[in-house]
Amino acid sequence: MTGPSNTRAATGATVPVPSANRHAGGMPGGHDHGAVAPGIAQLGGAFAFSDTVGRTIAQADFRGRWTLLFFGYSRCRASCPIAIPKMVRTADLLRRSGVAARAMFVDIDVPPLGVMRFRRPGAAAAMAGHSGHAHGHGELDRVAAMRALAKAYDGKLIVATGTRAQLSAATRAFAVAREHIPPRPGELGHSINHSSLIYFLAPDTRVAGYAMHDQSVADIERTLRQLARMA
C-alpha cells in the first residue's frame, strides 16, 4: 500500500488512515492479518516507558509538542527500518518550520513468558550500525541494539522501552498487534510480527491520527501540518 485508502475525521481535520491495520512484521510480501484499523478515540492513555539509560518517560514528557510514535523492535529488518527514518525526517521538517515535533520508537522486544534468551558472545559489539541491524538474542544485545539505534540518529530519535507490564499496557492502549514467531533470516532468538501504525500524538497527549509505515514522508508531513493547524 502506498497511501491512504480512506479518511477519518479527527479534531476537525481530515486524517488519512489505512483501510486495515496491516500486520507488517514480516518481510515484504509477507503477513497480512487484515486487522481492522482502530478508531482514534479508542487509542492512547498509557505513557509509562524508560529510555536507553533507564530514565523514566511519563505522560508529562509528551506534552507541549507533536510526537510521531512507533512500536517495534530494534532488531527488526522489516517495517521498523522503513518507518523510523520517515518519522525522523518528518519531525525534522516540522521543527524547521516552527512546529515542535519529535520522533519516538518504543522497543517491545520482551520475550514471552517462559522463554529464556541467552546472550551470544560478541553480538552486542556487532550492533554498531543502524542499517541492517546485527541481531543478538539476549537482553544485553537488545539494549545494545536500542542504544545503537538511538546513536545512529544522533539525538533525533527517542528510543524507549519498558517493563513487561508497561509494554503490555501500552500495546493494549495503542492497539498494537504483536506475535512472537521463529526467527526470520538475519534475526536470532525470535522475531516479532507487529502492526505498523505511526501514531500522531498532539501536544496535549491525545492521539490525533495515525499513518501506515509505508506512506510517504510527504503524506505524513501533510497530515501532521493539517492537524497542527486545527489544534
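The values are calculated or read from the model by the stated rules, or taken from the named source; none is laboratory data. Model, not experiment: these values are computed from the prediction. Counting neighbours? That spans all protein chains shown, and the Cβs are built from the backbone with ideal geometry, glycine included. Protein only, heavy atoms only, side chains kept; ligands, DNA and RNA dropped before computing areas. Shrake-Rupley method; radii C 1.70, N 1.55, O 1.52, S 1.80 Å.
Taking a Cβ cut-off of under 12 Å around T161, the surrounding Lys, Arg, Asp and Glu residues balance to a net charge of 0, with basic ones at +1 and acidic ones at -1.
Each of S216, H194, A228 was placed along the dipole of region 189-229 (beta-carbon charges, centred on the mean Cα), and the one lying farthest toward the positive end is A228.
The residues of region 64-113 expose, per residue, 28 Å² of accessible area to a 1.4 Å probe. Positive contributions from Lys and Arg (+1) and negative ones from Asp and Glu (-1), summed over other residues with Cβ under 11 Å from the Cβ of M87, come out at +2.
Given R₀ = 25 Å, FRET efficiency for S97-S168 by Cβ-Cβ distance, to 0.05? Please report the intermediate quantities before stating the final value.
Working: r = 37 Å, r/R0 = 1.48.
Calculated transfer efficiency: 0.10.
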